[in-house]
Amino acid sequence: MAKRIDVSGLTAYYGNFRAIDDISMTVEPRSVTAFIGPSGCGKSTFLRTLNRMHEVTAGGRVEGKVMLDDEDLYGPGVDPVSVRRTIGMVFQRPNPFPTMSIYDNVAAGLRLNGEHRKKDLDEVVERSLKGANLWNEVKDRLNRPGSGLSGGQQQRLCIARAIAVEPQVLLMDEPCSALDPISTLAIEDLIGELKSRFTIVIVTHNMQQAARVSDRTAFFNLAEVGAPGKLVEIDDTERIFSNPSVQATEDYISGRFG
Amino acid sequence: MAIETPSATAGPTGPPASPASAKGATRKGDRIFLGLSRGSGITLLVIMAAIAVFLTWRAALAISADEASFLTSFEWDANATPPRFGIAVLAFGTVVSSIIAMVLAVPVAVGIALFISHYAPRKLATPLGYVIDLLAAVPSIVYGLWGALFLVPHLTGLYTWLDEYLGWTHIFRYEGGAARSLFTVGILLAIMILPIVTNVSREVFRQSPKMQEEAALALGATRWEVIRMSVLPFGRSGVISASMLGLGRALGETMAVATVLSPSFLIKASLLQPGGGTFAQNIAAGFKEAGGMGRDALIASGLVLFVITLLVNGAARLIIARRKEYSGANA
């Protein structure tokens, strides 16, 4: 179920503004790839091109190629809706559907796929909540609204919702930036468990987090404000944090930049 | 707050105020503002109380003199001795015409609002919004004239059609004649409340959190599924409020109804037959010729309208409150 992502020559625009320029990289299956870089360097934009969420924004368009194994996500006739059904996403701020119960939140994706048999839904909801390390905390109140949970629990609920549909890839856009350290730790542990089943890409501003959770790290940078973001380098996380091949990467991770 | 302004920004009125006096001025300003806002609040309560006391007092006079059964009688002859008046026909006409208006207007309004907020390209959405606003600015007497001179003659075709297919229900039986019925009134009211329901709903839909819309999109929802999963649940209480605003207008609408309806003190099984009446229309039609007791009787009917409106609002609040836990406002 985990697939490889192969990006070549990807450029993304907001209207006439070029947000990221000519990015190529490979994301290995069953591994965690972290994107780091200063604000505005386009790492979130790049993440959103991987499940065709970028084009949802007004004026958003993309040039280049994103291959999921041998399927071209931007190929002619590819429906962005079906792309998003195979590539899950977790956002910066926990965003469970406030009008739905915990159960319905997790089942939402399955119901979109046309699964309505209660027995199957029950099974997947339990498996996904267990997978997100949330089951023990919520199993007695599955019919309560998801908005009643704490921030960290809500984020794990969102992860459960994303993995319920067994996606090929899980994209995480700064999933811990709105959480306290303990909730952050819970999510990081979870990422470690999930990578045996999914291809995970995580954007983070926290370099220790990138070092802790990821196998590969990509460093993005931009020449100046208003210039498009570029991929500086991607390598094994250990190497990026000990002996990166580009000076700019070392400056950034050691705090010498600007 | 008491930061000294740089001398460059000091106007010709004088040097910048010293921190101490600026603080004093703020406090004085606070006091004035507190007085003003408290005064406005009290004034509102006094006005409400004055209206309620006036209505109840005059209504009580009339109802105690009434020889017919006020709530259930079909008669209205307030100037007779003894006076006889019952509001059954008016209550029926008011409620039925407003329900017809709601049934017709709310789905259309929600559709237009969703189209403007989530489907239409900006180039189309903005002018469409203006047109809707324009519809709200048309005076009700103009709607009445248009209804009487255009809508009534043009509805006979629809009436015949309804009679042909739904006449067996008795509700839609049509026996010819001018279409000056409660149904026509309902259609006209629907057009009149369309703008307010649309505008309020549109604002609510527009504010639906992007976060939840993206959550639905990322799960692979189509545009309609995004609307169903995140926009409509978020907007539910707003749409209810909008509908209640519209209902309030429909219940109280006077001139348009009075111009279109051919009133009679009869309740008919068919909505398409001319006749019936509404509270507001009856007051407008009867107030000038009514004597002292007649006026009090009309005021009593006005009180009933007031109570109906209060009940409707209360019911709406109840619906909204019961869904509060799941409301999008908690997000």
(message) Of all beta bridges DSSP finds with both residues in the stretch A:111-258, what is the antiparallel percent, to the nearest 5?
(response) 60
(message) Quick check on my link table: of A:K230/B:K210; A:K119/A:K139; A:K43/A:K65; A:K139/B:K210; A:K118/B:K210; A:K3/A:K43, which ones sit more than 24 Å apart, alpha carbon to alpha carbon?
(response) A:K230/B:K210; A:K139/B:K210; A:K118/B:K210
(message) Neighbour counts of other C-beta atoms within 10 Å: give me A:M53, B:M211 arranged from fewest to most.
(response) B:M211, A:M53
(message) Full-extension gain between B:I63 and B:L318, please, as 0.36 nm times their residue separation minus the C-alpha to C-alpha distance.
(response) 88.7 nm
(request) List every DSSP H helix in chain B whose Cα atoms extend 24 Å or more along the helix's own long axis and whose mean Kyte-Doolittle hydropathy is at least -0.5. (result) B:19-65, B:88-114, B:182-206, B:232-252, B:292-322
(message) Using a Förster radius of 41 Å, what is the FRET efficiency between A:H116 and B:T126 based on their Cβ-Cβ separation? Nearest 0.05, please.
(response) 0.55
(request) Going by C-beta contacts inside 10 Å, put B:K268, B:K28 in order with the fewest on the left. (result) B:K28, B:K268
(request) May I ask you to derive the FRET efficiency for A:T11 and B:F115 from their Cβ-Cβ distance with R0 = 35 Å, giving the value to the nearest 0.05? (result) 0.60
(request) Would you mind ranking A:W135, B:W57 by Cβ crowding within 10 Å, fewest neighbours first? (result) B:W57, A:W135
(request) Would you work out the relative contact order for chain B, in percent, from Cα pairs under 8 angstrom that are 6 or more residues apart? (result) 23
(message) Order B:288-301, B:236-249 from most to least packed using the mean count of other Cβ atoms within 10 Å.
(response) B:236-249, B:288-301
(message) Is there a quick way to get the dipole size of the protein assembly as shown? I mean about its Cα centre, with the Cβ of Lys and Arg at +1 and of Asp and Glu at -1; what is the value in debye to the nearest 20?
(response) 1220
(request) Starting from the Cα gyration tensor of the protein assembly as shown, take the square roots of the eigenvalues, sort them a ≥ b ≥ c, and report rounded, prolate or oblate (rounded when a/c is under 1.5, otherwise prolate if a/b is larger than b/c, else oblate). (result) prolate
(message) Please state the shape class of chain B: rounded when a/c is under 1.5, otherwise prolate if a/b exceeds b/c and oblate if not, all from the C-alpha gyration tensor.
(response) oblate
(message) Please list, by residue number, everything in the stretch A:73-102 whose backbone N is under 17 Å from a paramagnetic label point 7 Å out along Cα→Cβ of B:M211.
(response) A:89-102
(message) Using each residue's phi in the stretch A:134-149, evaluate 6.51 cos²θ - 1.76 cosθ + 1.60 at θ = phi - 60° and report the 3J(HN,Hα) Karplus result to the nearest Hz, with x for Gly and Pro.
(response) 10, 3, 5, 7, 10, 5, 8, 9, 5, 9, 8, x, x, 6, x, 7
(request) Within a 10 angstrom radius of each residue's Cβ in A:99-105, how many Cβ atoms of other chains show up on average? Whole number is fine. (result) 3
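Here, each number is a calculation from the coordinates, and none is a lab measurement. Because the structure is a prediction, the values reported are computed rather than measured. Because the Cβ atoms are built from the backbone with ideal geometry, glycine has one as well, and the counts that use them run over all protein chains shown.
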